[in-house]
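Below is one structure, written out as structure tokens; the observations come after it.
Readers should treat all values here as calculations from the given coordinates under stated rules, not as data from a laboratory. The structure displayed is predicted, hence computed values, not measured ones. Neighbour counts run over all protein chains shown; Cβ positions are idealised from the backbone, glycine included.
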Amino acid sequence: MPSVAAEPYEFEFDPRTTALLVIDMQRDFVDPGGFGEALGNDVSLLRKAVPPTKRVLDACRAAGLFIVHTREGHRPDLSDCPPAKLARGRLSCGIGDNGPMGRILVRGEYGHDFVDELQPRPGEPVVDKPGKGSFYATDLDTILKNRGIKQLVVCGVTTEVCVHTTVREANDRGYDCLVLEDCVASYFPEFQEVGLKMIKAQGGIFGWVSDSSRFLAALQDAASPQPSAIGR
Ligand code: C5J
């Protein structure tokens, strides 16, 4: 079985049962001029995950891996947004309010959609989620199980919030998760560092950590004919 150099040890994967999961690469989190920046965050820390994620996305498309994209957000009437989430932060401009790129975290708004570089293609399911975890109140588990998916390669934002929550949920549902450290990002460098350490600690308590270069090399190897098969 192909394997990726990773920590705490190599991650074995079968491309037929592996999906790429791209979490919440939305304009309002990642792009300059969006909600994240309006809150005072340095979005360049998130933006730098876009080019390596694009390389991974393109390679996974070429290799025929199953690809799923998630978006955090709510119905326009906010009926699926818990009052506690709505109130949290005591923000003067928060969920449902008019932000720089449309109503914040509301489905159908410009800022809620994916950054230009990582727009899904037909055949790549988009999972709209009301929470931080991608499995909570969504059909993601059904979509993955229906395809026989057992392993997830994870990219997205933010490392300590939606990526972490999703990886923990996936782990409890029996999926093996490989998180690519240059394809996930946080507004807080210390959370990025510790968030990744937490995933791979204790023998990989929530999963494995590698990076886009090591994953792309493994995908390339998996696509190349094995020496023993040549000349048969
Ligand atoms: C947050 C996310 N941080 N996608 N969302 O609110 O991590």
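For the reader, a short list of remarks on this structure follows.
- For the stretch 1-78, the C-alpha radius of gyration sits at 1.39 times the compact-globule guess of 2.2 N^0.38 Å, with N the residue count.
- Ellipticity estimate at 222 nm from DSSP helix runs (n ≥ 4, -39,500 (n - 2.57)) divided over the chain, nearest 500: -9000 deg cm²/dmol
- Once C-alpha pairs closer than 8 Å and six or more residues apart are averaged by separation and normalised to the residue number of the stretch 1-146, the relative contact order reads 26 percent.
- Selected from 131, 118, 143, residue furthest toward positive end of dipole (the stretch 113-157; charges at beta carbon): 143
- Viscosity 1.567 mPa s, temperature 4 °C, Stokes-Einstein D of the stretch 77-232 from Kirkwood C-alpha radius, µm²/s: 72 µm²/s
- Considering only alpha-carbon pairs that sit under 8 angstrom and 6 or more positions apart, the relative contact order computed for the stretch 152-228 is 31 percent.
- With all pairs of different C-alpha atoms in the average, the Kirkwood value for the hydrodynamic radius of the stretch 119-185 is 12.4 Å.
- Derived scalar couplings ³J(HN,Hα) [the stretch 185-190; Karplus, 6.51 cos²θ - 1.76 cosθ + 1.60; whole Hz; x for Gly, Pro]: 7, 10, 6, 10, x, 5
- Pairs beyond 28 Å (Cα-Cα), from 48/132; 85/145; 54/197: 85/145
- Cysteines having no other Cys beta carbon under 4.7 Å from their own, within the chain: 60, 81, 93, 162, 177
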